[in-house]
Amino acid sequence: MKRLLDNFRFYAEHLAWQKQEVFSRSAANQKPLAVLVTCSDSRILPETILRLDPGELFIIRNAGNMIDVDAGTSGELASIEYAVKVLEVQDVIICGHYHCGAVKSLIANLPLEGFDYVPAWLKNGQGAITRFNDRHETSTLTSQQREDATVEANVIEQVNRLKQIPFIQQLLANGKLRLYAWVLRFETNELFSFEPHAARFVPIVDNPMSHPVFPEDPECCSNKNAILEPDAPQSVAAEQGAPVVTRRWQDIAIDIKNDLIASIGLFCVSLPFCVAIAQASNVSLASGITSALVGSWLVTVISGNRVLVSGPSSSLIAISAASVLTIGIAPFSIAVVAAGVMQILMGAARLGPLFRAASPALIFGLLAGIGASLLVQQLHLVVDEVPHGGNWRNLLELPKALVNIFREHGHFGHRPAAIVGIITFLGMWAWERKTTKGVFAWVPSVLVGVFLAVCVKMAFQLPIDTVRIDSGLVSLIDWSRFDWSSQLWWSAILPTAIALALTASSESMLTLIATQKPSSGATPKPNRELVAQGAGNVVSGAMGGLPIAIALVRSKVNIDLKARSFLSVVLHGLWFVLFIGVIPFVLARMPTSALAAVLAVTGFKMINLNGIRTLYREHRNESFISLITALSVFSFGILIGVGVGLLVSILALLHVFSRLRIRVFEDPKTASTVMVLEGTANFLRLPKLTATLDGLAQRANVRIETSSLSYLDHATLSALETWTQNRMINGLNTEIDLETLNSRFQRQLPRPRTS
């Protein structure tokens with residue numbers, strides 16, 4: 001009890017003011033979004049997992065989330081009736097949870113000696129046992145599978161019991177009520193919804209919509225099973241009624257089939273990307289293919305990720321291209337090796353999670369800056385122009401490059417190159433919008449755009465540049481020819497290695513988290529991933545390849561193609577070898593303007609205008625950070641740009657955590673001047689505080705209220721103590737509890753351990 005009281009006092013003094021507006025607004029009336037009938041289990045936190053404020057969820061809790069329909073005075077029915085008739089709530093959710101004690105008691109069916117009310121209450125869930133026995137072959141189930149399936153059966157049973165109530169039936173018939181069935185797995189924060197189309201529970205995070213159990217509309221989806229992901233709880237396998245051993249071989253066959261199809265689609269996307277990235281990075285085609293193979297085979301094996309694709313990344317083009325032109329191929333390859341060593345050391349030091357600490361605004365700005373750089377550079381190549389030195393110059397010279405398409409000035413490649421680039425743009429755009437389902441849905445838009453460009457180039461024999469073919473797949477670096485004592489190592493190679501290591505690691509870690517599916521049950525392993533990426537960069541750099549990172553676009557394609565294991569990534573690397581070795585002449589017919597168009601589209605998508613627009617609507621300060629970061633990356637490069645973005649983020653954070661509100665008013669009852677301090681009082685707000693205190697220095701009676709302070713640093717506390725002592729010397733009265741302030745903010749006891 002003491003802990004409860006202490007926690008409330010802390011809440012009232014430090015946290016209540018943050019939600020004061022919400023509580024004041026909800027005091028007038030409540031407009032719940034839904035009724036939630038859930039278990040009394042103390043581990044269930046509905047408002048937390050659903051991120052709801054007071055007044056947004058009407059919660060009914062009891063043992064086993066059951067509906068008492070037999071008793072004449074059912075508290076559950078009375079509460080639901082009030083919610084749907086008075087508060088006009090239209091959604092009622094029965095939410096159970098795995099590891100439910102009430103369900104375990106139902107399964108055990110033991111006499112509950114010493115209990116007066118529990119046995120009678122558990123009769124409300126007896127129908128779940130019957131429902132479970134009617135649908136399952138219990139001999140093939142483990143005890144845990146039986147328990148999970150019974151939890152799900154109990155939720156369905158309670159929904160059906162609720163449906164038998166007359167006023168519920170009337171509301172369902174009138175279309176004014178919907179009944180949902182959910183199950184929570186709190187140890188992994190997974191929430192499952194019962195889908196009547198498939199008659200099973202599916203993860204909500206993987207389901208674009210949650211259908212009500214009643215009323216069921218069989219025509220609401222054109223493809224009933226399209227909304228369902230293959231991942232499901234273990235109890236689902238048993239619910240299908242198939243033996244576990246039989247399903248294991250079926251699953252293996254399905255996995256191989258899915259991985260084979262996914263590997264072909266993944267290769268069709270990766271090939272144009274790798275060729276285009278190699279072209280844009282000023283390296284040979286062999287370098288791009290080499291890094292793709294190392295990422296497909298070595299990194300995949302070490303990292304243990306099933307469906308993520310590592311290889312050359314478009315976000316590293318800016319660093320790679322500038323470094324190759326400045327220091328040369330061999331020093332750049334050494335920088336790639338050094339970056340890989342840094343990544344291995346960071347992974348060994350368990351620094352992987354630190355890369356996840358970057359704010360979304362900083363990431364938006366970083367990607368937007370890189371995307372804008374890539375866009376303005378590749379647009380020049382689309383019209384067969386040579387990009388200039390800096391991004392701003394590329395941007396300013398872009399109108400001139402576009403004008404050159406329509407005039408002759410000694411070079412006739414601008415117009416046909418632009419035509420091929422536009423055809424590539426239009427092919428990708430049309431395919432992405434028109435082909436969303438059907439037999440060819442797996443065919444990527446990149447492949448369609450490049451294929452159209454090759455056809456147009458060959459049909460009309462256009463005089464434009466094509467991909468340069470190299471001899472061999474790898475080009476080992478001759479380490480003996482490099483002068484290790486040269487100043488180039490310290491002036492160019494080391495900064496390049498640091499930039500590559502930080503950028504590649506950031507992209508890999510963010511992609512690792514962004515593509516992680518909670519329903520898969522797998523936990524991201526950032527440190528192991530860093531070691532794998534580092535090993536890949538060491539090998540790729542030693543073989544003359546490009547730097548490696550997890551590629552977001554290709555990983556997303558692999559996931560969308562329903563890849564189930566690492567086989568798809570490994571096979572897609574094998575297709576690279578076969579394609580280059582057997583039909584290399586196809587690559588020689590790929591127009592460089594078409595590949596530049598692919599990268600220009602990629603750069604435009606990296607800017608993510610929708611995400612930035614949403615960020616601006618929801619968080620103006622964050623959008624400002626994003627804009628500053630993007631402009632800095634575009635103007636000065638990735639390292640300086642990210643540094644500027646971090647500095648702006650820190651300044652914004654200091655501003656947020658230094659919000660101090662000072663109110664001064666006269667209290668006629670005590671004939672004193674009252675100064676109320678609210679928020680955070682730190683040294684950044686000290687000038688504002690001291691200016692206010694100076695204005696009150698000559699007042700006879702001053703009372704300072706500090707109960708609404710959430711933080712007080714030593715500098716501010718010292719200023720208040722000094723000001724109070726000076727007033728005491730001058731014989732002026734001051735009311736302030738300095739002892740309590742000193743105890744709260746300077747001599748706090750450590751938080752007690754929780755079991």
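Listed here are the pairs K400/K605; K525/K562; K85/K123; K85/K163; K31/K85; which of them are more than 18 Å apart at the Cα? Before the final figure, lay out the partial values.
Working: K400/K605 24 Å; K525/K562 22 Å; K85/K123 28 Å; K85/K163 16 Å; K31/K85 12 Å.
Where the Cα-Cα span goes over 18 Å, the pairs concerned are K400/K605; K525/K562; K85/K123.
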| task | Sort the following peptides by mean Cβ neighbour count (other Cβ atoms within 10 Å, averaged over residues), highest first: 55-61, 339-345. | result | 339-345, 55-61
| What is the gain in length, in nm to one decimal, between R61 and Q170 on full extension, counting 0.36 nm per residue of separation less the C-alpha to C-alpha distance? | 36.8 nm
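Neighbour counts of other C-beta atoms within 10 Å: give me M606, M458 arranged from fewest to most. Write out the running numbers ahead of the final one.
Details: M606 22, M458 11.
Ranked by crowding around the Cβ, least crowded first: M458, M606.
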| If packing is taken as the mean number of other Cβ atoms within 10 Å per residue, what is the order of 102-108, 284-290, highest first? | 284-290, 102-108
| In nm, what is the difference between 0.36 nm times the number of residues separating E187 and S79 and their Cα-Cα distance? | 36.0 nm
| Positive-pole candidate from A181, L162, Q144, dipole of segment 129-189, charges at beta carbon | L162
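To the nearest 20 Debye, how big is the dipole of segment 31-239 about its Cα centre, given +1 on the beta carbon of each Lys and Arg and -1 on that of each Asp and Glu? Intermediate values should be presented prior to the final figure.
Working: 17 positive and 28 negative charges, 57 e Å.
With only Lys, Arg, Asp and Glu charged at Cβ, the dipole is about 280 debye.
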| Among 40-48, 85-93, the order from most to least packed when residues are scored by Cβ within 10 Å on average | 85-93, 40-48
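Report the FRET efficiency, 1/(1 + (r/R0)^6), for T142 and L426, where r is their Cβ-Cβ distance and R0 is 45 Å, rounded to 0.05. Each step should come with its number before you reach the end.
Details: r = 56 Å, r/R0 = 1.24.
So, using R0 = 45 Å, E works out to roughly 0.20.
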| request: Report the FRET efficiency, 1/(1 + (r/R0)^6), for L646 and V86, where r is their Cβ-Cβ distance and R0 is 56 Å, rounded to 0.05. | output: 0.60
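So if each residue of separation counts as 0.36 nm, and I subtract the Cα-Cα distance between R51 and A671, what length gain in nm does that give? Could the numbers behind the result be given before it?
Values: separation 620, 0.36 × 620 = 223.20 nm, distance 4.53 nm.
Residue separation times 0.36 nm, minus the Cα-Cα distance, leaves 218.7 nm.
Explain nothing, just the number: dipole magnitude of segment 151-192 about its Cα centre with +1 on each Lys and Arg Cβ and -1 on each Asp and Glu Cβ, in debye rounded to the nearest 20.
Here the size comes out at about 300 debye.
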| request: Measure off 7 Å from each Cα along the Cα-to-Cβ vector at W392 and T740, then give the distance between these two points in nanometres to one decimal. | output: 5.6
| message | Under 8 Å for C-alpha pairs, at least 6 residues apart: give me the relative contact order for segment 660-745, rounded to a whole percent. | response | 29
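A short reminder: the numbers here are calculations on the coordinates, not readings from a lab. The model shown is predicted, which means the values in this text are computed figures rather than measured ones. Note that each Cβ is placed from the backbone with ideal geometry, even for glycine, and that neighbours are counted across all protein chains shown.
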